[in-house]
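The structure appears below as structure tokens.
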Amino acid sequence: MQISFSKLKKYLLDSDIVTEEELKKISEEAKKNNQNVENLLVDQNFITEENLTIIKANIAGIPFVNLEGSKIPLDVLMIVPEHIARMNNTVPYRKNGNELEVAMLNPEDLRAIDFIKKTTEMNVLPRLTTTSSIREALQQYQESLESEFEEILKSDEKGIREISQEHDEEEKDDLEKVAKEAPTIKIVDTLIKHAILQKSSDIHIEPYEKEIIVRYRIDGILHDAMILPINLATGIVARIKILANLKLDEHRLPQDGKFKIETNNYKYSLRISVLPVTYGEKLVMRLLPETERAMDLEEIGLMGDSLKKVRQCLKKTSGMVLVTGPTGSGKTTTLYSLLQILNTPEVNISTIEDPVEYDISRISQTQVNTKVGLTFASGLRSLVRQDPDVIMVGEIRDNETAHLATNAALTGHLVFSTLHTTDASGAVSRMIDMKIEPFLISSTLNIVIGQRLLRKLSDKKEPYFLNEEEVASLKNICDIEKLVSLLKEMKIADKKQTIHDVEFFKPVKTKEFPDGYHGRVGIYEVMLISESIRELIVKKSSSNKIREQAREEGMITMLEDGFIKAAQGITSIEEVLRVTIE
């Protein structure tokens, strides 16, 4: 909700919350860094978010409500569907006759209020609340989902049939029947819906002797989601196999497939992997949101000198850009962000991917299909005949693809791809292992971006300073003086500060975020291929020598980038070390 700055300023000064001089300094800082004055007031501890929201409510003449710690009755909560509540940051919390009180971040959103009035046929009374309050209230929709799952099991207990693990033709028919029965369909739908609401990237369904354990990967970490009776195992597997068009009667070999789900609230593509294990078949489902957009480079975590190098490299019209890291480190997301910058009417961009994770307008995207012989190599061979300016190869997996990509870069195309290496300098050795001549690598490679994903701290975090023991421990894994120098260059630390004076943050566990983290961000090392590095490549120098040269030329390592983000309050030192120390 927008409140005029002059009214807010008067209230803050009259209440002695901030002085005229302090407010002037904050306003200048907000203007300089394109930030919000209200956010800076909260960040710099002049006022809490709740008190600021109460002030805004008083100025606007709208009642304030804080729902933190409150239990909303289920019948009231479900008056407004979850997707409407999330879309509009609006949660119903009290019903009195035909009047419905709703907590909102923007009580002036007349469109949302009118929509709720029409769909509920109730008189809607808007109330202003805080961001943390609305988040906790929205969390109760997920808790109601768990209750919904318990109800499914309870109400359909008699309808759930157990199928023998020893299958023959007759039992194959039984599997088809149980997979299409209402209880099984409800269970699978609920598992997927629950995972999507929690923004999971993967669902693991693991059968054991007496139970099924379901786990969700959220922000890169696996969490136990629920435990189900073992008699549901064959029905769940059969249902998912049917959806993914897999063989129902194949239980000895691994199978891979995919299917899509689409509702009014979301659209996802699911990649399915089935693996025989001791007590049946384990299922892993990768959830890929099809409505995701390509993010800006700043959004994914690139900043400072690393960001400048990447932007500089995108001005070239030929050569190769490689993004390296392990599986699940966000390499494809980075590639999409880079392509989005180049995606203009004058540029023809073609991709070959497995799978196509984001649908981007004006880019020709091809999906690998090994069953019909469409591989990265064969697809790339065809792409170069499509008059492309820019080519993106989802991953260089083999020698043939590596040769084709290098040749494409050599013949005037700008080629983007990924490699599985631990750091940026390792990309050169990996290409040489794929039988690419060093002089060709030297001629075509423009830049290598090494990356990892780490968890971001939630809004609630605890500041602290490093003690002597912690500093001594860190000296074993990084150059503290170089780190402090980087922090000073980026104006995160003052000129006279030492590492002991730099404020870091620890996660604070909350009901909404049990680990104290929410969302992920990338940490990067950007290796620009300079003339001196090209010479080292031609000489077949080791990865360590190439890395040392890149460091001398100013490359910030992933570890250092992580520490910078820790000093900015984006993440914690513990999270940086978890992701980077292997």
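The values are calculated or read from the model by the stated rules, or taken from the named source; none is laboratory data. Keep in mind it's a predicted model, so treat the numbers as computed, not measured. Note: ideal-geometry Cβ built from the backbone for every residue, glycine included; neighbour counts use all protein chains shown. The area values use the complete protein model at the heavy-atom level, side chains included, leaving out ligands, DNA and RNA. Shrake-Rupley method; radii C 1.70, N 1.55, O 1.52, S 1.80 Å.
General observations
- Filter result (open to solvent by 10 Å² or more (accessible area, probe 1.4 Å) and not hydrophobic (A, V, I, L, M, F, W, C)) within the stretch 301-317: Gly304, Asp305, Ser306, Lys308, Lys309, Arg311, Gln312, Lys315, Lys316, Thr317
- Cross-chain or 6+ apart pairs with Cβ under 7 Å, the stretch 200-217 first and without any contact (Cβ under 8 Å) to a residue 24 or more places away in the chain and within 19 Å of Asp189 (Cβ to Cβ), then open to solvent by less than 70 Å² (accessible area, probe 1.4 Å) and among the polar types (S, T, N, Q): Tyr216/Gln198; Tyr216/Ser200
- Odd one out for Leu453 among (1) in contact (Cβ under 8 Å) with a residue 60 or more places away in the chain; (2) surrounded by fewer than 15 Cβ atoms within 10 Å (Cβ to Cβ); (3) closer than 30 Å to Glu395 by Cα; (4) not acidic (Asp, Glu): (2)
- Residue count for the stretch 15-64, restricted to those that are on the phi > 0 side of the Ramachandran plot and buried (at least 17 other Cβ atoms within 10 Å of the Cβ): 0.
- Within the stretch 423-445, being over 21 Å from Ile391 (Cα atoms), touching a residue at least 24 places away in the same chain (Cβ under 8 Å) and assigned to a helix (DSSP H, G or I) holds for Gly426, Ser429, Ile432, Pro438, Phe439.
- Selection of first residues in the stretch 509-526 that are under 26 Å from Thr334 (Cβ atoms) and of second residues that are in a strand (DSSP E or B) and of a type in the set (S, T, N, Q), restricted to Cβ pairs under 6 Å at least 6 apart or on distinct chains, gives the following pairs, ordered by first then second residue: Gly522/Gln451; Tyr524/Gln451.
- Each residue in the stretch 84-117 was checked for being polar (S, T, N, Q), assigned to a loop (DSSP other than H, G, I, E, B) and over 23 Å from Leu197 (Cβ atoms), and 1 pass.
- Matching residues in the stretch 318-329 - criterion: being buried (at least 21 other Cβ atoms within 10 Å of the Cβ) and in contact with a helix residue (DSSP H, G or I) (Cβ under 7 Å, 6 or more places away or on another chain): Met320, Val321, Leu322, Val323, Thr324, Gly325
- For the stretch 533-575, filtering for residues that are open to solvent by 30 Å² or more (accessible area, probe 1.4 Å), assigned to a loop (DSSP other than H, G, I, E, B) and under 17 Å from Lys456 (Cβ atoms) leaves 2.
- Of all residues assigned to the stretch 510-532, at least one qualifies as being of a type in the set (Lys, Arg), in contact with a strand residue (DSSP E or B) (Cβ under 9 Å, 6 or more places away or on another chain) and open to solvent by 40 Å² or more (accessible area, probe 1.4 Å).
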